[in-house]
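A quick write-up on the structure given underneath.
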Amino acid sequence: MIADRYRVVEIASTGANTMVVDAVDTNNNQPVTVKVIRPALAATEGFARAFRRQIETATALSHPNLAKVLDWGEVEVDGQPTWFWVVEYLNGGSMRNLFDRGRLLDPSQALVVGLEACRGLDAAHQRGLVHSEITPSKLVFGDDRRLRIIDFGTARLLGVAAWDDPATMPTHVARYASPEQALNLPVDAKTDVYALSLCLIEAVTGSVPFAGDSTVSTLAARVGKLMPVSADLGPLASVLERAGRPEAEDRFTASEFGRALVGAAEKLPRPEPIPIIATSLFAASDLRRPTDPTGEPARPEVVETVVEPDDETLDDPVTEEAATEEAVTEEAATEDAVTGDAVIAEGVADDNTGDDETGDDETVDDRPTEPIEALDDAADVAETDDVDGTGAPIVATAAAAAAVTAAAASTEAPTAPPTAPASLPSSSPPAAPVSPPSSPPDGPLIVLTDIADEPLDVAAGSAASGPSATEAVPSAPAAGPATLVAPTVPPTPPPPTPFDEARDPSGEIYDAAPRRRRILPIVLITLVVLVGIAGLSYAGYQLVRTKSFEVPDLVGVQEEVALNAIAGNDWNVLTAAERSDAQPVPGDVIRTEPEAGVDLEEGEDFLLVISEGPELRTLPDLENLELAAAQQQLDDLRLVLVEAPEAFSEDVPAGSIIMWQVEDNASLVAGAQVLPDTRIVVTVSKGPEPRPAPALAGLNLEQATAAVNDLQLVLAEGEAVFSDTIEPGLIVTQNPAPETPVERGGTVTVQVSKGPDIVALPDLTGLSFDEAQTLLTDNGFFIDSLLGTTTGTFVSLTINGEPVEPGTTFPRGTGVDVIFL
């Protein structure tokens with residue numbers, strides 16, 4: 001039990017947020033559907049306040065196409081508090097049930113579903129409620145085939161957290177999401193209109209536009225994209241395309257959507273009943289015939305009561321009008337009889353234009369009839385009931401009953417005034433039925449039955465030539481009491497009176513008294529004839545006249561959508577294909593001939609020029625071009641330049657292009673044609689590669705020059721230097737050093753050896769120490785050791801321990817040992 005009131009019969013489904021159960025309301029023993037929120041969700045902060053606000057608004061909604069919220073409250077599940085709400089029980093199944101069983105709708109049926117859904121959406125939107133999760137599972141039928149939208153208010157409350165990250169939404173919900181939901185933008189009433197258009201397209205075609213293999217691909221596919229509509233949708237195509245525009249401001253509102261569907265209905269045939277499918281335990285087998293799995297309501301059998309006349313009353317028929325005039329003398333009674341005739345005639349006409357379950361029309365005997373017995377409860381029979389589900393009522397007025405009673409009275413007592421019948425409840429049986437005679441009736445039988453879901457059936461026939469009373473009554477049951485009119489038998493005419501002047505061979509009596517004429521029926525018949533003639537004339541004019549239609553603006557529209565837009569104009573549509581940068585999307589209309597705004601008659605040629613994509617570009621030759629010049633050429637052609645790593649080139653200057661190729665097809669050369677945005681990969685030159693400097697030490701100048709020239713370098717000779725190890729004329733040093741990289745054309749500077757640096761020993765005789773030291777230094781010598789005193793006079797010197805005479809040569813920098821005393 002839920003809330004000590006709702007007895008659970010079956011768990012219908014369980015989800016991430018709710019559990020749905022079929023239950024019985026023990027207060028009235030009626031089936032209901034109870035939805036219980038998961039305790040974990042109910043425990044989140046602020047949920048209780050938001051739930052109360054939404055459910056109170058939803059409970060206040062009352063519309064035939066919105067599921068009624070009957071009750072709501074708190075309940076404990078496994079010891080944890082949560083919330084529940086109760087809605088009316090709907091066992092006709094949902095649109096999703098139809099799709100899962102391979103059942104689709106034709107455009108007429110889809111239009112009916114869409115119109116009912118629009119009515120429900122408009123009622124909710126006017127109250128400020130947005131559903132935000134319209135899917136085929138939310139479009140549910142009752143066993144009366146009427147559509148209801150379920151979960152208004154609660155669906156958005158339960159799903160709002162999941163939309164914080166659209167990529168985490170279940171794919172079956174994302175398939176019907178709007179572009180603004182895919183972008184995680186605020187939603188409004190136009191979101192429901194977009195989702196409904198997707199549901200209706202799936203109902204006819206069996207597929208959902210933009211559906212992908214994952215939530216991310218499904219949501220991304222619809223952003224900024226026009227709704228693709230199929231020719232299978234017929235007149236619905238343009239309506240659903242407008243309802244499914246990617247920008248919310250371009251879509252219909254729910255009320256505009258409904259009005260557009262009504263306009264499209266004029267071009268569609270009358271719909272068959274929606275093939276609803278029962279989905280629960282509650283007497284599903286009692287709601288449909290075994291031979292009709294799609295849900296035609298089953299009805300109990302009819303129990304008929306037939307009152308038959310006496311044989312003696314079957315001799316001389318007279319017209320209904322004459323019998324009524326003889327029997328009814330008061331003007332009010334006569335007017336009641338006329339009204340009754342009109343109602344019965346209307347019932348006969350309605351029955352013969354509608355089909356019963358077998359598809360056969362019953363034959364109605366138009367002979368004059370008169371009842372022999374007054375009917376009970378004549379006044380209460382005057383109720384309006386839904387006959388065939390379309391709103392056409394069954395009408396049986398108290399006036400008709402009065403006319404029947406008056407005619408019966410005239411048969412038994414011609415001179416007595418008619419007596420008004422007593423008024424009884426509609427469920428009461430006839431007060432005084434007449435026992436049937438032993439012989440079968442010959443007169444016509446008229447049966448008027450108040451049936452909830454079947455047309456009024458009037459059957460007539462004689463025992464000799466027509467169907468029996470049982471065969472004449474439809475096999476469908478009566479939801480209300482059956483009103484039976486016994487066989488009408490012409491009474492035996494009274495003896496001639498002074499007012500009788502003549503009787504013709506047919507038996508009709510001509511009375512000397514002036515006869516009341518029925519002016520209203522004649523006027524009505526005349527009006528009907530005139531309207532019919534006018535209608536036929538207009539139809540003939542429409543058939544023979546040549547219609548013209550204004551060419552719509554189709555530029556930028558997909559070919560399929562454009563063909564749907566002009567499908568009813570009966571033009572001879574031609575197509576041609578071109579490439580266009582203005583309309584680069586393949587399949588879009590580039591232009592029409594004639595152009596938009598021109599009137600074009602039926603049967604004339606109409607050309608759609610369809611885009612094959614953008615214009616092709618011719619590849620230029622980019623070799624040896626400077627990078628900036630190549631970039632400009634590719635930009636002008638709407639091609640993309642991609643730089644590869646730079647490379648050395650002995651031939652191409654630095655900053656110019658050495659080579660290029662198409663990224664995806666290296667075989668293409670200059671002059672080939674490619675699409676815009678094709679990527680061109682270019683290699684830019686860094687110039688010649690640097691050379692390592694050769695080793696030139698020990699070479700003479702001629703040899704060094706040859707080595708440098710081979711590397712495309714330049715040799716430069718510097719100042720010659722002394723060298724104790726390198727012979728004179730040979731290279732002692734170079735700059736840069738060997739193996740150092742040198743740019744092509746770079747310079748290598750060398751110095752040639754002058755041989756060793758030799759100096760002569762000066763004469764130091766008579767010099768002081770300071771004077772001797774200065775002279776030695778100037779000549780390339782230095783004092784290595786001193787024996788004596790620095791204040792003395794030069795005595796002698798030695799080099800390496802050996803006495804040396806002045807003028808002897810030694811290498812520069814040789815040390816000497818001196819003695820000063």
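Just flag the GluC sites (Glu not before Pro) in the range 735-811 sitting in loop per DSSP whose Cβ has no more than 15 other Cβ atoms within 10 Å.
Passing both the DSSP loop test and the Cβ count: Glu739, Glu743.
Taking every eigenvalue of the Cα gyration tensor of the range 564-633, multiplying by 5 and rooting it, what semi-axes result, largest first, whole Å?
Three semi-axes, in Å: 41, 10, 9.
Take each of the peptides 729-735, 199-205, 626-632, 661-667, average the number of other beta-carbon atoms within 10 Å over its residues, and list them starting from the highest. Don't skip to the end; give the middle numbers.
Details: 729-735: 18.4, 199-205: 23.7, 626-632: 14.4, 661-667: 11.6.
Sorting 729-735, 199-205, 626-632, 661-667 by mean packing, highest first, produces 199-205, 729-735, 626-632, 661-667.
Distances longer than 24 Å among the Cα atoms of the range 628-756: what percent of all pairs is that?
51 percent
For the range 1-148, evaluate the Debye formula with one uniform point scatterer on each Cα (no solvent term) and list log10 I(q)/I(0) at q = 0.14, 0.15 Å⁻¹, rounded to two decimals.
One equal scatterer on each Cα of the range 1-148 leads to -0.75, -0.86.
So what are the range 85-216's ellipsoid semi-axes, whole angstrom, largest first, if each one is the square root of 5 times an eigenvalue of the alpha-carbon gyration tensor?
Semi-axes from the Cα gyration tensor: 22, 18, 14 Å.
What does the C-alpha gyration tensor say about the overall shape of the range 684-751? Classify as rounded when a/c is under 1.5, otherwise prolate if a/b is larger than b/c, or oblate.
Values: a/c = 2.91, a/b = 2.51, b/c = 1.16.
Prolate shape, in that a/c is at least 1.5 and a/b is the bigger ratio.
Averaging over every viewing direction, what projected area does the convex hull of the Cα atoms of the range 78-138 cover, in nm²? Kindly include the intermediate steps, with their values, before the conclusion.
On the way: hull surface 26.8 nm².
Projected area, direction-averaged: 6.7 nm².
Under 24 Å from the Cα of Lys68, which lysines turn up, not counting those fewer than eight places away in the same chain?
Reachable lysines: Lys35, Lys138, Lys190.
Debye calculation, C-alpha points only, no solvent: report log10 I(q)/I(0) for the range 158-251 at q = 0.12, 0.13, 0.19, 0.24 Å⁻¹, in the same order as the q values.
-0.33, -0.39, -0.83, -1.28
Could you name the lysines in cross-link range of Lys754, using Cα to Cα under 30 Å and dropping any fewer than eight places away on the same chain?
Within the straight-line cut-off, Lys754 pairs with nothing.
Ranked from highest to lowest mean number of other Cβ atoms within 10 Å per residue, what is the order of the peptides 785-795, 671-681?
Details: 785-795: 13.1, 671-681: 14.6.
In descending order of packing, they fall as 671-681, 785-795.
For Glu719 paired with Asp570, estimate the spin-label separation in nm (one decimal), with each label point 7 Å from Cα along the Cα-to-Cβ line.
11.1 nm
For the range 593-667, what is the Kirkwood hydrodynamic radius in Å, using each pair of distinct C-alpha atoms?
Kirkwood radius, the range 593-667: 16.4 Å.
Throughout, read-outs are computed from the coordinates displayed, never taken from laboratory work. What you see is a predicted model; the values in this text were computed from it and never measured. Note: ideal-geometry Cβ built from the backbone for every residue, glycine included; neighbour counts use all protein chains shown.
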